[in-house]
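Structure first, commentary second.
No lab work stands behind these numbers, since they all come straight from the coordinates. Because the structure is predicted, anything quoted here is derived from the model rather than measured. All Cβ positions, even for glycine, are placed from backbone atoms using ideal geometry, and neighbour counts span all protein chains on display.
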Amino acid sequence: MTDVFISLPTSDLERAKTFYTALGFPIRPEFSDENGTCFVAQENVLLMLITREFFATFTDKPIVDPAAAAQVSINFSRDSREEVDEIVAKGVAAGGAEPKPAQDYGFMYMRDLDDPDGNSLGFLYAVPEDAAEAGGAAEGAEAEPSVQPAGA
């Protein structure tokens, strides 16, 4: 099995460490130094929070401000709605922000969390058999979400 590395820029590496460890993401020290820190988001999925200056050495393209522009959507599944709510609450308590209310599609419950730099993370709970019964994304159809207040 290979690992997936997702690299995100940060303007404050220490703040990023505090935030992501508060989410329960352990640090992989062998991939971490003064330029960046590697976090285990899920088995074989690693988040690299890299200083903006060092991040810029990997590309000639401009590095967007994640607080002002979305470039990628990163979503992590959880085993229950309660786990989704719990990790978002931890992130908000650690300095993150929930940019929009929770979305409930019936077969899938989603919440978004922006880290202190504005990088967006999504957390979701989905039950595939419910999705097929609902005629939702499992069959290619689009469902209208029921928007709920955060933490509902």
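Net charge of the neighbourhood of GLU34, taken over other residues with C-beta under 15 Å away and scored Lys/Arg +1, Asp/Glu -1, is -2. For the pair SER77 and ASP12 in one chain, pulling the backbone fully straight at 0.36 nm per residue adds 20.7 nm over the alpha carbon distance.
Express in nm, to one decimal, how much length is gained between GLU86 and THR2 on full extension, taking 0.36 nm for each residue of separation and deducting their alpha carbon distance.
Details: separation 84, 0.36 × 84 = 30.24 nm, distance 2.87 nm.
Contour length minus the Cα-Cα distance gives 27.4 nm.
Label separation (ALA69 vs GLU53): 2.3 nm, computed from points 7 Å beyond Cα along the C-beta direction. Summary of packing: across the peptides 36-45, 65-74, the per-residue average of other C-beta atoms within 10 Å ranks them, highest first, as 36-45, 65-74. Net charge in the neighbourhood of LEU121 (other residues with Cβ under 9 Å of its Cβ; Lys, Arg +1, Asp, Glu -1) is -3.
How high is the FRET efficiency from ASN35 to ALA93, r the C-beta distance, R0 30 Å, rounded to 0.05?
Working: r = 27 Å, r/R0 = 0.91.
With R0 = 30 Å, the Cβ-Cβ based efficiency is 0.65.
Taking amide H as placed 1.01 Å from N in the peptide plane, the amide H of ILE74 sits under 5 Å from that of GLY122, each at least 5 places away or on another chain. All other residues whose Cβ lies under 13 angstrom from that of THR21 are scored, Lys and Arg at +1 and Asp and Glu at -1, for a net of +2.
Taking every DSSP beta bridge with both residues inside segment 1-130, roughly what % is antiparallel (nearest 5)? Each step should come with its number before you reach the end.
Working: 18 of 29 bridges.
Rounded to the nearest five, the antiparallel share is 60 percent.
From most to least packed by mean Cβ count within 10 Å, the peptides 109-115, 56-62, 92-98, 15-21 give 109-115, 15-21, 92-98, 56-62.
The phi-based Karplus calculation (6.51 cos²θ - 1.76 cosθ + 1.60; θ = phi - 60°) puts the 3J(HN,Hα) values of segment 54-66 at 6, 3, 5, 6, 8, 8, 8, 7, x, 8, 6, 7, x Hz, whole numbers, x for Gly and Pro. Candidate cross-link partners of LYS17 among the lysines, defined by an alpha-carbon separation under 20 Å and a same-chain spacing of 8 or more, comprise LYS90.
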